[in-house]
Each structure stands twice: as structure tokens, then as C-alpha cells.
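**Student:** Below you'll find the structure I mean.
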Amino acid sequence: MTTILKVSDLQVDFMSGEKILNSPLRGINLEIEAGKTLGLVGETGCGKTLTASAIMGLLPTTASQRGTIEFAGHGFLEASVMGAIRGSEIAMIFQNPQSAFNPIFNIGAQLTMVAQRRNIERGRIPELLIDRLASVGMSDAKRILASYPHELSGGMLQRCMIAMALISTPKLLIADEPTTALDATIGHQVLGLIRSLQQRQGFAMLFISHDVSAVAKVSDVISVVYAGRVVESGPAYDLMNNPQHPYTRGLLGAIPSAQKRRGQLTAIPGSVPSSLKDIVGCSFAPRCALADSACSKEPPLVHINQQLIACWKVGT
Amino acid sequence: MKFLFKDKLTSVASLILLLFVTLAIFGPWIAPFPKEGAGASHVDNSYIGPGWHHLLGTDELGRDLLSRIIYGARPALFIALAVVGFAAIIGTLLGLIAGYRGGWIDNVIMRVSELFLSFPSLLLSLVAVTFLGPGLVNALIALIISWWPWYARLIRVEASIVKSKPYVEISAAMGVPGRTIVLRHILRNVTTPLIVQIAADLGTVILAAGSLAFIGLGSQPPSADWGLMVAQGRNLIFDQWWISTFSGLAIFLAVLAFNILGDALRDHFDPRIARQ
């Protein structure tokens, strides 16, 4: 398989002049193969969305980035390259479809604005948009195009956003919490839609969510991030059935299930460390039941069977 | 356009404005003494009080005051539209750049605009005219210089609000270039406050242009300008009261009409701040 996106040791610091204010990303390593899905899970504030912004080249100007992002066919991603492929080869969908569209333009105008960037003949745009909306399951495309965002439901808007992202068949789709703002049944439908679109069009996907069960449904490989680092990474099946890192175990223990009626969900005590403070040693140690003096050094990411794990307490 | 006639006050203001626009366009055909309106003097007719032949009387050069006032509508409306138009264009452009780009360029534009705003606008115009020399065009430039910062600041605030909306970020992520985002999303979103501000400013600019003319730094004789006519009549106010009174009344009515319509326009576009 060919690797389509390779992120190596990505670090992001927020600066105030020459001074580093905080370092929310402290070394992210990711690899996505063509046509496959990488799921990125972690709690709020672990740096999932920031990773996506860095890949898209949309970090705020106060951020300083280190490490490399390599995209198949374009080498290392830099601002000049990114301007040409953003949206066309790497597309992105976001959470909160309700605020994703400008309330004063109709959907058609906003999709057209994106389509005009893609070297598509002007005359063919309406036809293309109707086709794209049909592919995300909206047969009533003419009416949708003439609608304003407030006239559509969250699920419909999310479908419109997916259609917008897929106007030019991208090689990589970054989905940042695409189901979080939707209710459970609609979220489930949208997940199914994304899956079937992926099978038809064959794009690779970076699927970001704090919802482990949603990630498990769509991903081939899952990476767990904690406090700006990848702590465990491996094939979805292995990781779900045989989690190694204490943090991953905690996350999986916190999924409610219809089978386990009785008993309490296990919660992870404490909260994600603030990126404002320097983190010494294993970032998860303060919340970890297994932590001891060995954890005062930062654990490296090492191969254990199929998985990559950063923990002193696993496999030794 | 129904809101232009939504109540008695607004209707009257609309009619007054319509009258002034008509006078500005068709003045030479409407004025009873077109030649005098344009400046021809009849010294033997000077200082005739209001009466049947000269409805509003004549001035010191024997010119029919009504014709002069009708001729004055055109420069008054012209200067209002030109000043507000250019100030709005310059201000909007700079405001959009400052609000969208942010950073040092925002700082530079805003500090310069503050520099301009820190002087009372009439004083600033005075200084500018003093440098440029008196005259209609120079007064116009001077007024634009003191007016653009208001637009730049208004648009900058609106632009920076719209800029942080998710749909602008998402447009960027979809590959829509910055120029298109600014022009389509942000400009469209700032249109309403812009229109309201323009409507509110038109009257104020007529007043400011009149003030410059009054102190001799705006339009020069023999052009027909309301501010100039008030100035010419001011020494005679007790004996030949009609000269200053009627030309002042023209300024008063125009400014009042523009202000009332500005309010109506604001209420129409922004119902949240409409008067109860």
C-alpha cells in the first residue's frame, strides 16, 4: 500500500513574540494509506483539531510549527503547495454544520463559490452540484440549492458540507467530529454515508472524534492522542479488543453499552494536563493507576506486536 | 421602498428629498430666472424683498433668490454624494484589509485613522483646505480626508466579526482564496451597516460643506452655494433678512430630510435597534 499522508514529529507552539506561551502539540506521528481511514481519538484539548489545522495549513499566525507533513505526490507540505491543493486534493468537513454556512447566501451560491475554484466549466457547475447532492442522498437537489441554511436541518446541512468537500474528488478527507453536533440517529446515518462514499470514491480519511465507538465503526487504523502526543496506535480491531495503554483502556471502559446494563462505567480520574505547563515524564502518569517512579521519564513510542505504544508499564 | 413612506414624518422627509433631487436635476428648467440663478447680476434690482415677482426676494447683486437656491441644490447634493461615496469606498477598502488581514497592517491602518479622528472633523477639513486652497473640489477632498476613518473603523469591526465566523474558516479550508472570501462573504455581510452609515452621513456632509463655504473656504462666488449665500447675507440679516434666512432654510430642510431618512433606513435594515 502507498502512504498518502505522513506526519512526522509534528509540534505546534503558540508564541507571544519570541516567547512560547504553550505547546499543545508535542510530537504527533501519523501515517495514512491510500483509501484507508485513520481514526484519531482523544479527549477534548488533546490536540486533535489542531493536528487537522496543521495538515490543512490553516494554523493561526501566532502558531509556530515544527516537524514535517508529507503528502503523496507533493512532497512536504508548505504554504505555496497547500494553496493549490487545499480543498481540491485535501478536503475537510467540520463539526457544527449549522454554523458552517453563511446565513445570507443560499446553499447553491456557497457550493458554487467552492466549485469555481476547481477548473470546472461554468456551465457545468449546476449539473455537477445536483449530482454531488444526489450522491450524499439528497434527491431534492434543486430545492436544497435554493434554500438558505436556516431552512435546512443539521443533518441536511452536514450532507451539504460533505457534498461541498467532495466537489472535486479529493485524495484525502479530513473529518473533524462530523457527527458530534448531530443527534445519535442522524449521526449514525452520516457515518454510513461517509463510509459508502469512501468505498465508491476511494479517498483516504483522517477521522477525528472523541467518540471511540464512532471511530471504531469507520477506521482501519486508530491512533489515540493524549496531551499532544500519540500514546497508542494500531489496527482498529487489535486496538479495540486488546488495548494496551492505560489511557486507551480507560477510554474504552467509558463506552456505554446495551449489554452491560449493570455496573458503573469506569471513569478516568482527573483531567487533561494544561498545555500551559511543561509536562515532565509521561503525560498520563498523574491520572494513571499503574504509575510509579519509572514514569517520571517520557516513554518512547515502541512497537509491541501490531501496536505502537508509549508506556513504560506495557510489554516489559 | 415602502419604508420610505411608513409614517407622516418619513413621508414628508421623502417628499422634501424628492423635491431637492428634482431641483438638482431639472433646476435650470424650473428656476424662474435661470440666468440669474447661474450668476448673472442685475444690480438695479438688488435687495428687493419677497414678493410676487421675486418670491423669495433678491440678493445684493439683484439676483432672484429662489433661482439661486434652486441652483444651489445641485452642488449640495453633489458634494454630499461625492464625499460620502469616496469616503465609503476608501474606508471600506482599508477597513476590509485591516479587519481581514489583522496583524501589523491592521495596526498601521487603525493608528492612521485614529490620527485623523483625534482632530474635530471640521478643524481637519479647515487645515486641509488651508493647504489645498479654497474651492469646491478642494473642500470635497478635505471632507473626504476627515470622513473616511469613520468608515474604515466601522467596516473593520464588522469584518473582524465576520472573519471569525466558522463559515469563513470553512471557506478557507475548502480552498476558497482570501480575496473571494473578503469580497463575497465579508463585503456582503457589511453592506447593511454601510448603507445605514451612508444615509446618516449625507445630511452631516451637506452641513459641513455649507460650513466650509460659509467661512469662505468652500465654493467661491459667483457659484450658487447655500453656505455661501448665508455668508453673503449675514451682515444684512436685520434689513435684508430673506437672503440668509431662505438659504439657511434650504440647508436646514435638506439636512433634516436626510437625517430622518437615515433613521428610517436604519430601522428598516436593523429592526433590533428600531425605535419603539
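**Student:** Just need the relative contact order of chain B here, percent rounded to a whole number, with Cα pairs under 8 Å and 6+ apart.
**Tutor:** Numbers: 432 pairs, mean separation 63.0, N = 276.
For chain B, the relative contact order is 23 percent.
**Student:** Dividing the alpha-carbon Rg of the stretch A:106-169 by 2.2 N^0.38 Å yields what? Before the final figure, lay out the partial values.
**Tutor:** On the way: Rg = 10.6 Å, N = 64, 2.2 N^0.38 = 10.7 Å.
With N residues counted in the stretch A:106-169, Rg over 2.2 N^0.38 Å equals 0.99.
**Student:** Taking only Cα atoms, what is the 0 to 90° angle, nearest 10, from helix B:65-101's long axis to the longest principal axis of chain B?
**Tutor:** 10 degrees
**Student:** At 20 °C and a viscosity of 1.002 mPa s, what translational diffusion coefficient does Stokes-Einstein give for the stretch A:133-244, taking Rh as the Kirkwood radius over Cα pairs? Give it in µm²/s as a whole number.
**Tutor:** Working: Rh = 15.3 Å.
Stokes-Einstein gives a translational diffusion coefficient of 140 µm²/s.
**Student:** Tell me which residues come under 5 Å, amide H to amide H, from A:THR37 once H is placed; ignore anything under 5 positions away on its chain.
**Tutor:** Under 5 Å from the amide H of A:THR37: A:MET205, A:ASP220, A:VAL221.
**Student:** So, one more: Apply the Kirkwood formula to the stretch B:65-184: the hydrodynamic radius equals the inverse of the mean of 1/r over all pairs of different alpha-carbon atoms; give it in Å with one decimal. Show your work: numbers first, answer last.
**Tutor:** Values: mean 1/r = 0.0620 Å⁻¹.
One over the average 1/r among Cα pairs gives 16.1 Å for the stretch B:65-184.
**Student:** Related question: Compute the long axis of helix A:125-135 from its Cα atoms, compare it with the longest principal axis of the Cα atoms of chain A, and write down the angle in degrees, 0 to 90, nearest 10.
**Tutor:** Approximately 50 degrees, to the nearest 10.
**Student:** Right, another one. Run the dipole for chain A about the Cα centre, Lys and Arg Cβ at +1, Asp and Glu Cβ at -1, nothing else charged, and hand back the magnitude in debye, nearest 20. Don't skip to the answer; put the middle values down first.
**Tutor:** Numbers: 28 positive and 24 negative charges, 91 e Å.
The dipole of chain A has a size of about 440 debye.
**Student:** Please name whichever of A:CYS282, B:SER164, A:THR37 sits farthest to the positive end of the charge dipole of the protein assembly as shown, dipole taken about the Cα centre and charges placed at Cβ: Lys and Arg +1, Asp and Glu -1.
**Tutor:** Among A:CYS282, B:SER164, A:THR37, the one farthest towards the positive end of the dipole of the protein assembly as shown is A:THR37.
**Student:** Semi-axes of the equivalent ellipsoid for chain B, please: Cα gyration tensor eigenvalues, times 5, square-rooted, ordered largest first, whole Å. Intermediate values should be presented prior to the final figure.
**Tutor:** Values: eigenvalues 349, 92, 38 Å².
Semi-axes (√(5λ), whole Å): 42, 21, 14.
**Student:** A follow-up question, please. Which value, in debye to the nearest 20, gives the size of the charge dipole of the protein assembly as shown about its Cα centre, when Lys and Arg are +1 and Asp and Glu are -1 at the Cβ? Display every interim value, and only then the final one.
**Tutor:** Numbers: 48 positive and 40 negative charges, 254 e Å.
Taking the Cα centre of the protein assembly as shown as origin, the dipole is about 1220 debye.
**Student:** How long are the semi-axes of the ellipsoid equivalent to the stretch A:196-316, from square roots of 5 times the Cα gyration tensor eigenvalues, in whole Å, largest first? Provide the component values of the computation, followed by the final result.
**Tutor:** On the way: eigenvalues 133, 70, 42 Å².
Result for the stretch A:196-316: semi-axes of 26, 19, 14 Å.
**Student:** Taking the Cβ of A:GLN307 as the center, what net charge do the other residues with Cβ under 12 Å away carry, scoring Lys and Arg +1 and Asp and Glu -1?
**Tutor:** Net local charge, A:GLN307 excluded: -2.
**Student:** Hey, another quick one. Output needed: Cys residues of the protein assembly as shown lacking any neighbouring Cys C-beta below 4.7 Å, sorted by number.
**Tutor:** A:CYS46, A:CYS160, A:CYS288, A:CYS311
**Student:** Only Lys, Arg, Asp and Glu count, each charged at its Cβ (+1, +1, -1, -1), so figure out the dipole size of chain B about its Cα centre, rounded to 20 debye. Display every interim value, and only then the final one.
**Tutor:** Numbers: 20 positive and 16 negative charges, 224 e Å.
I would put it at about 1080 debye.
**Student:** Something else now. For A:ARG195, A:ARG26, A:ARG124, B:ARG156, what ranking results if the residue with the fewest other Cβ atoms within 10 Å of its Cβ goes first? Mind showing how you got there, number by number?
**Tutor:** Working: A:ARG195 14, A:ARG26 18, A:ARG124 11, B:ARG156 25.
With the sparsest Cβ surroundings first, the list reads A:ARG124, A:ARG195, A:ARG26, B:ARG156.
**Student:** When the Cα atoms of the protein assembly as shown are enclosed in a convex hull and the volume is divided per residue, what value in Å³ results? Write out the running numbers ahead of the final one.
**Tutor:** Working: hull volume 125.7 nm³, N = 592.
Here the figure is 212 Å³ per residue.
**Student:** Report the one residue of B:SER219, B:PHE20, B:LEU65 whose Cα lies farthest in the direction of the positive end of the charge dipole of the stretch B:2-273 (charges on C-beta: Lys and Arg +1, Asp and Glu -1; origin at the Cα centre).
**Tutor:** B:PHE20
**Student:** How far is helix B:242-269 tilted, in degrees, relative to the longest principal axis of the Cα atoms in chain B, given as a value from 0 to 90 rounded to the nearest 10?
**Tutor:** 20 degrees
**Student:** Between A:ASP9 and A:LYS142, what is 0.36 nm times their sequence separation minus the Cα-Cα distance? Round to one decimal in nm. Intermediate results must be reported in sequence, preceding the final value.
**Tutor:** On the way: separation 133, 0.36 × 133 = 47.88 nm, distance 4.60 nm.
Once the chain is fully extended between A:ASP9 and A:LYS142, it gains 43.3 nm.
**Student:** Also, I was wondering about something else. What's the exposure ranking of A:ILE85, A:ILE255, B:ILE170, B:ILE16, going from fewest to most Cβ atoms within 10 Å? All intermediate terms of the calculation are to be shown ahead of the outcome.
**Tutor:** Details: A:ILE85 20, A:ILE255 14, B:ILE170 24, B:ILE16 17.
Listing A:ILE85, A:ILE255, B:ILE170, B:ILE16 from fewest to most nearby Cβ atoms yields A:ILE255, B:ILE16, A:ILE85, B:ILE170.
**Student:** Continuing with the same structure: Looking at A:ASN106, A:SER139, A:ILE125, which one has the Cα that reaches farthest to the positive end of the dipole of the stretch A:106-169 (charges on Cβ: Lys, Arg +1; Asp, Glu -1)?
**Tutor:** Sorting the options by dipole projection puts first A:ILE125.
**Student:** Using a 10 Å cut-off around each Cβ, can you sort A:SER223, A:SER53, A:SER16 from fewest to most neighbouring Cβ atoms? Provide the component values of the computation, followed by the final result.
**Tutor:** Values: A:SER223 27, A:SER53 21, A:SER16 9.
Ordered from fewest to most neighbouring Cβ atoms within 10 Å, A:SER223, A:SER53, A:SER16 come out as A:SER16, A:SER53, A:SER223.
**Student:** Net charge within 15 Å of A:VAL230 by Cβ-Cβ distance, Lys/Arg positive one each and Asp/Glu negative one each, not counting A:VAL230 itself?
**Tutor:** Values: positive: A:LYS6, A:ARG26, A:LYS48, A:ARG229; negative: A:ASP9, A:GLU31, A:GLU43, A:GLU232, A:GLU298.
Charge balance near A:VAL230 sits at -1.
**Student:** Quick one: divide the alpha-carbon radius of gyration of the stretch A:61-138 by 2.2 N^0.38 Å and tell me what you get. It would help to have the intermediate numbers written out before the result.
**Tutor:** Values: Rg = 15.8 Å, N = 78, 2.2 N^0.38 = 11.5 Å.
Expressed relative to 2.2 N^0.38 Å, the Cα Rg reads 1.37.
**Student:** Let me know the Rg and Dmax you get for the stretch A:1-156 when you use only its Cα atoms, in Å.
**Tutor:** 18.4, 54
**Student:** Expected output is a single nm value to one decimal: the length gained when fully extending between A:SER80 and A:ASP183, i.e. 0.36 nm times separation in residues minus the C-alpha distance. What is it?
**Tutor:** Values: separation 103, 0.36 × 103 = 37.08 nm, distance 3.89 nm.
The span from A:SER80 to A:ASP183 would gain 33.2 nm if fully extended.
**Student:** Reported to two decimal places, what Rg/Rh ratio describes chain A when computed on Cα atoms with Rh from the Kirkwood expression?
**Tutor:** We get a ratio of 0.99 for chain A.
**Student:** Further question: I'd like the distance between the alpha-carbon centres of the stretch B:138-159 and the stretch B:26-68, rounded to an integer number of Å.
**Tutor:** For the stretch B:138-159 versus the stretch B:26-68, the Cα centre distance is 37 Å.
**Student:** Out of the DSSP beta bridges found with both residues in the protein assembly as shown, what percent are antiparallel (nearest 5)? Provide the component values of the computation, followed by the final result.
**Tutor:** On the way: 32 of 51 bridges.
If we restrict to bridges inside the protein assembly as shown, about 65 percent are antiparallel.
**Student:** Continuing with this model, one more query. For the stretch A:86-114 and the stretch A:146-191, what is the separation of their Cα centres, given in Å?
**Tutor:** Distance between centres, Cα-based: 10 Å.
Taken together, the values in this text are just the output of simple stated rules run on the coordinates, not laboratory data. Source: prediction; values computed, not measured. Methodologically, a virtual Cβ is constructed for each residue, glycine included, from the backbone with ideal geometry; neighbour enumeration extends over all protein chains shown.
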